[in-house]
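First the structure, in the form of structure tokens, and then the observations on it.
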Ligand code: SF4
Ligand code: SF4
Ligand code: SF4
């Protein structure tokens, strides 16, 4: 199965992936607010997160994730589209967004537009 | 079907505190593209070139290009246009970051600010919801503090994916003529436009947009960008392992030194002993660079996040760029890397142009060494190479403290104030960037003829001219090269792209992106003709503002005092060999005034009657 591997250290925060994703899912429009990948930032680092399945309840088991000594106590690294998160939803309708790997077989446009090597497609 | 333009301009009257949304004139953008071209046209039509740049009659125009926010590689730029308080000529400066794209996503190609607010305000745009909000509590705050406070106020807690802010720091508030407009550490730096923003009591603009940008031919645009990204990804200079990505713009340091094109000790020489030692980009990468960063949709990512730890110079922020290293460093004779980076951080926080600030400090250092500024006036030892004083001066300029009150007016006015205007180095009262006008003849011609004063980006000549690759000291053929480079830069600046990828995209690549995004189906010569039209339009503004042939020059020392070192040793700028030919190529008469035929060919003869020269 194809998977998108994310190398946080390489991400430059350019958001070209967000532009690519929206352009390939909405007829003729570039709109990062409707992208299935979003790039969050904390401190000096950028964290691309790819939208996973929708959950209709906010989770009750919040965890703290530590990445290279940096703590993430909110929902930043969670892939779910959930009721309390303002991302991974259509801005107007609130319809949840989920990555579909740009079709079958996977043809991720975000990977194609990522020049830094932060996103790569791997088979496993 | 879309055309990559948002289709709307927001006009804000700060005196009355109201605004209206106007339809974008599509005939106008076919002729002036957007960005710098459109902004310059609006300025020419709406502002008398003789107004006081810091008075309410001046207008401040933020304007994006058609490729801003489209996903075109480096399509991130917004241009700020106004009459410049530094030069008195047309002023324009652009910035990367994310704000330009966000403005398009909110549904606006640009914003025109008119008048002056009674109290400090900031403009908040959330798609169709517009509001002028009080900003007295933000007055005096640094650029990053302002950014954070506004984002907190507007409820953007979601990790910076929501609202984008562009603001002025203390320097802009205090009307420094070398102040820069900042957006998340990216600067619209040159020509002092932050002072225009300050004069209008406008602290910031904050934008959130959810509408997106609609393209004409999205399918082939997407495929084309993917192809271009492939080229960037493995490019030796611009790719993921390329010098621009790995070292940032500082990668050019050794080249500049070998070419003898550095601005050493206020341009007294062209080589600098520390350029390949203390200021080596590899050393910087190992000691101060935290990471690289890219503007919206940029495959290059030349920006740096840095950290300094040297005692007295501790800090954290963004930069330095090549220009910052050269002007706060080499031009001031300073070889202390961490001090230079720290001074760059302060400039970002104060909202200062690092080029103009560096040259102004260097100019003061020369005045001091010549005995024209006393210890008492300087408030410190202001000798070349004095890292502590250089850093301290950036703070003083930002806050207009002590002698900083004078330096905040820029190098020309500083030199004049101390009775020696001949010490100033630049053109049209704007400080010269880090490429010597004496060894690089084309660059010198570019400085002399640039509509916004000494500017290295108005005609990108250095890559043609560094002796290692080209022919810097030759004048033959330069007028034609400069003319072409000026028009290409005008196109790039008007499309909303960064200048850096031009060498990879080439004009053909830019044309393709432009056509697929807009659906205009221009031929290359139409696009380049728009560049020429934009150049001449700016020229008309300057002529009406009282500029003449006599202003198409650089400081006399560049023309008279031979360069003492480096491969271009013995050279002066031989402007006289190039200027007449340049005028001729431009279709201007010997006084540098565009001929009636030229204006007619460019469609600039229908200037509104109030704006006849
Ligand atoms: S395109 Fe790549 S480098 Fe740019 S933000 Fe997305 S993941 Fe990061
Ligand atoms: S794989 Fe396709 S759908 Fe998924 S985030 Fe990337 S571009 Fe979007
Ligand atoms: S090359 Fe540098 S300045 Fe230009 S868009 Fe990329 S990161 Fe920004």
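The values are calculated or read from the model by the stated rules, or taken from the named source; none is laboratory data. On a predicted model such as this, the values are computed, not experimentally measured, just so you know. Reconstructed Cβ throughout: ideal geometry from the backbone, glycine too, with neighbour counts over all protein chains shown.
If a residue must be crowded, with 19+ Cβ neighbours inside 10 Å and farther than 16 Å from residue B:183 by Cα, how many such residues does segment B:135-146 contain?
Of the residues in that region, 1 qualify.
Can you tell me how many residues in segment A:35-57 are more than 10 Å from ligand 2 (Cβ to nearest atom) and under 17 Å from residue B:71 (Cα atoms)?
Counting residues in segment A:35-57 that are more than 10 Å from ligand 2 (Cβ to nearest atom) and under 17 Å from residue B:71 (Cα atoms) gives 1.
Hey, among B:512, B:499, which residue is more than 14 Å from chain A (Cβ to nearest Cβ), more than 14 Å from ligand 3 (Cβ to nearest atom) and out of contact with any strand residue (DSSP E or B) (no Cβ under 8 Å at 6 or more places or on another chain)? Even if it seems obvious, please write down each step before you answer.
Values: B:499 fails: more than 14 Å from ligand 3 (Cβ to nearest atom).
The unique qualifying residue is B:512.
Could you check, for segment A:64-71, whether at least one of its residues is away from chain B (no Cβ under 11 Å) and in contact with a strand residue (DSSP E or B) (Cβ under 6 Å, 6 or more places away or on another chain)? Break it down stepwise before answering.
Of the residues in segment A:64-71, the ones away from chain B (no Cβ under 11 Å) are A:64-71.
Okay, now just the ones that are also in contact with a strand residue (DSSP E or B) (Cβ under 6 Å, 6 or more places away or on another chain), so A:64-65.
So far as segment A:64-71 goes, yes, one or more of its residues are away from chain B (no Cβ under 11 Å) and in contact with a strand residue (DSSP E or B) (Cβ under 6 Å, 6 or more places away or on another chain).
Give the residues of segment A:1-58 that are in contact with a helix residue (DSSP H, G or I) (Cβ under 8 Å, 6 or more places away or on another chain), part of a loop (DSSP other than H, G, I, E, B) and farther than 13 Å from residue B:293 by Cα, sorted by residue number.
If the condition is that a residue be in contact with a helix residue (DSSP H, G or I) (Cβ under 8 Å, 6 or more places away or on another chain), part of a loop (DSSP other than H, G, I, E, B) and farther than 13 Å from residue B:293 by Cα, then A:26, A:27, A:28, A:31, A:35, A:36 are the ones that fit.
What is the number of the single condition among (1) within 13 Å of ligand 2 (Cβ to nearest atom); (2) surrounded by 19 or more Cβ atoms within 10 Å (Cβ to Cβ) that residue A:25 does not meet?
Unmet for residue A:25, out of (1) within 13 Å of ligand 2 (Cβ to nearest atom); (2) surrounded by 19 or more Cβ atoms within 10 Å (Cβ to Cβ): (2).
If residue B:250 satisfies every condition in (1) within 30 Å of residue B:513 (Cα to Cα); (2) within 14 Å of another protein chain (Cβ to nearest Cβ); (3) surrounded by 24 or more Cβ atoms within 10 Å (Cβ to Cβ) but one, which is the exception?
Just one mismatch for residue B:250, condition (2).
Return a yes/no flag: does segment B:181-198 have any residue that is in a loop (DSSP other than H, G, I, E, B) and more than 19 Å from the chain's Cα centre (by Cα).
Here is the first cut: in segment B:181-198, the residues in a loop (DSSP other than H, G, I, E, B) are B:184-185, B:189.
After this cut, where a residue has to be more than 19 Å from the chain's Cα centre (by Cα) as well, the list is none.
Checking segment B:181-198: not a single residue is in a loop (DSSP other than H, G, I, E, B) and more than 19 Å from the chain's Cα centre (by Cα).
In segment B:298-310, which residue that is in a loop (DSSP other than H, G, I, E, B) and surrounded by 24 or more Cβ atoms within 10 Å (Cβ to Cβ) is nearest to ligand 2 (Cβ to nearest atom)? So that I can check it myself, show each step before the final result.
Going residue by residue through segment B:298-310, those that are in a loop (DSSP other than H, G, I, E, B) are B:298-302, B:309-310.
Still in the list and also surrounded by 24 or more Cβ atoms within 10 Å (Cβ to Cβ): B:298-302.
On the way: B:298: 18, B:299: 16, B:300: 21, B:301: 19, B:302: 25 Å.
This residue is B:299.
Which ones in segment A:101-116 are in a loop (DSSP other than H, G, I, E, B) and either near ligand 2 (Cβ under 8 Å from one of its atoms) or surrounded by fewer than 24 Cβ atoms within 10 Å (Cβ to Cβ) (or both)? Steps first, please.
If we filter segment A:101-116 for residues that are in a loop (DSSP other than H, G, I, E, B), which is where we start, we get A:101-108, A:114-116.
Scanning segment A:101-116 gives A:101, A:102, A:103, A:104, A:105, A:106, A:107, A:108.
Which residues, counting only those in segment B:1-18, are surrounded by fewer than 20 Cβ atoms within 10 Å (Cβ to Cβ) and either assigned to a strand (DSSP E or B) or within 14 Å of another protein chain (Cβ to nearest Cβ) (or both)?
Filtering segment B:1-18 for residues surrounded by fewer than 20 Cβ atoms within 10 Å (Cβ to Cβ) gives B:1, B:3, B:7-8, B:11, B:13, B:15-18.
Answer for segment B:1-18, where residues must be surrounded by fewer than 20 Cβ atoms within 10 Å (Cβ to Cβ) and either assigned to a strand (DSSP E or B) or within 14 Å of another protein chain (Cβ to nearest Cβ) (or both): B:1, B:3, B:7, B:8, B:11, B:13, B:18.
Please tell me if residue A:49 is within 30 Å of residue B:317 (Cα to Cα), touching a strand residue (DSSP E or B) at 6+ places or on another chain (Cβ under 8 Å) and within 11 Å of ligand 1 (Cβ to nearest atom). Before you say what the answer is, go through the steps one by one.
Numbers: within 30 Å of residue B:317 (Cα to Cα): yes; touching a strand residue (DSSP E or B) at 6+ places or on another chain (Cβ under 8 Å): yes; within 11 Å of ligand 1 (Cβ to nearest atom): yes.
For residue A:49, the condition - within 30 Å of residue B:317 (Cα to Cα), touching a strand residue (DSSP E or B) at 6+ places or on another chain (Cβ under 8 Å) and within 11 Å of ligand 1 (Cβ to nearest atom) - is met.
Report yes if residue A:95 is at pLDDT 95 or above and either away from ligand 2 (no atom under 15 Å from the Cβ) or over 11 Å from the mean Cα position of the chain (by Cα) (or both), otherwise no. Can you show your working first?
Details: at pLDDT 95 or above: no; either away from ligand 2 (no atom under 15 Å from the Cβ) or over 11 Å from the mean Cα position of the chain (by Cα) (or both): yes.
No; evaluated as a whole, the condition is false for this residue.
Across segment B:526-558, what is the total count of residues that are farther than 29 Å from residue B:30 by Cα and in contact with a helix residue (DSSP H, G or I) (Cβ under 6 Å, 6 or more places away or on another chain)?
Qualifying residue count for the region: 3.
Please identify the pairs in which a residue from segment B:71-93 that is within 14 Å of chain A (Cβ to nearest Cβ) has its Cβ atom under 7 Å from the Cβ atom of a residue that is buried (at least 24 other Cβ atoms within 10 Å of the Cβ) and at pLDDT below 95, counting only partners at least 6 apart or on another chain.
Pairs found: B:73/B:501; B:74/B:501.
Would you confirm, using the coordinates I've provided, whether residue B:33 is surrounded by fewer than 24 Cβ atoms within 10 Å (Cβ to Cβ) and either away from ligand 3 (no atom under 16 Å from the Cβ) or more than 13 Å from chain A (Cβ to nearest Cβ) (or both)? If you could, list the steps in order and put the result at the bottom.
Values: surrounded by fewer than 24 Cβ atoms within 10 Å (Cβ to Cβ): no; either away from ligand 3 (no atom under 16 Å from the Cβ) or more than 13 Å from chain A (Cβ to nearest Cβ) (or both): yes.
In short, no.
Can you find a residue that is assigned to a helix (DSSP H, G or I) and buried (at least 22 other Cβ atoms within 10 Å of the Cβ) anywhere in segment B:147-156? If you could, list the steps in order and put the result at the bottom.
Step one: of segment B:147-156, the residues assigned to a helix (DSSP H, G or I) are B:147-153.
Retained after the next criterion (residues that are buried (at least 22 other Cβ atoms within 10 Å of the Cβ)): B:147, B:150.
Yes - at least one qualifying residue is present in segment B:147-156.
Looking at (1) outside any loop (DSSP other than H, G, I, E, B); (2) more than 16 Å from the chain's Cα centre (by Cα); (3) within 14 Å of another protein chain (Cβ to nearest Cβ), which is the one condition that is false for residue B:100?
Looking at each condition in turn, residue B:100 falls short on (2).
May I ask you to list the residues in segment B:289-314 that are in contact with a helix residue (DSSP H, G or I) (Cβ under 6 Å, 6 or more places away or on another chain) and either more than 7 Å from chain A (Cβ to nearest Cβ) or more than 13 Å from ligand 1 (Cβ to nearest atom) (or both)?
B:300, B:302, B:304, B:306, B:308, B:310, B:313 - these are the residues of segment B:289-314 that are in contact with a helix residue (DSSP H, G or I) (Cβ under 6 Å, 6 or more places away or on another chain) and either more than 7 Å from chain A (Cβ to nearest Cβ) or more than 13 Å from ligand 1 (Cβ to nearest atom) (or both).
Go through segment B:211-297 and tell me which helices (runs of 4 or more DSSP H), entirely inside it, have 1 or more residues that are touching a strand residue (DSSP E or B) at 6+ places or on another chain (Cβ under 9 Å).
Working: elements: B:218-233, B:243-247, B:253-258, B:264-267, B:281-287.
Those helices (runs of 4 or more DSSP H) span B:218-233, B:243-247, B:281-287.
Please determine whether any residue of segment B:165-174 is under 21 Å from residue A:87 (Cα atoms), crowded, with 24+ Cβ neighbours inside 10 Å and touching a residue at least 24 places away in the same chain (Cβ under 8 Å). Quick ask: steps written out before the conclusion?
Initial filter on segment B:165-174 (under 21 Å from residue A:87 (Cα atoms)): B:165.
Subset that is crowded, with 24+ Cβ neighbours inside 10 Å: B:165.
Filter once more, keeping what is touching a residue at least 24 places away in the same chain (Cβ under 8 Å): B:165.
The answer is yes, given that some residue of segment B:165-174 is under 21 Å from residue A:87 (Cα atoms), crowded, with 24+ Cβ neighbours inside 10 Å and touching a residue at least 24 places away in the same chain (Cβ under 8 Å).
All but one of (1) away from chain B (no Cβ under 14 Å); (2) outside any strand (DSSP E or B) hold for residue A:122, so report the exception by its number.
Of the numbered conditions (1) away from chain B (no Cβ under 14 Å); (2) outside any strand (DSSP E or B), the odd one out for residue A:122 is (2).
For the subset of segment A:91-116 comprising residues that are more than 16 Å from ligand 3 (Cβ to nearest atom) and within 9 Å of another protein chain (Cβ to nearest Cβ), which member is nearest to residue B:241 (Cα to Cα)?
Keep residues of segment A:91-116 that are more than 16 Å from ligand 3 (Cβ to nearest atom), which gives A:91-112.
Cutting the leftovers down to within 9 Å of another protein chain (Cβ to nearest Cβ) gives us A:91-92, A:109, A:112.
On the way: A:91: 37, A:92: 40, A:109: 22, A:112: 17 Å.
The qualifying residue nearest to residue B:241 (Cα to Cα) is A:112.
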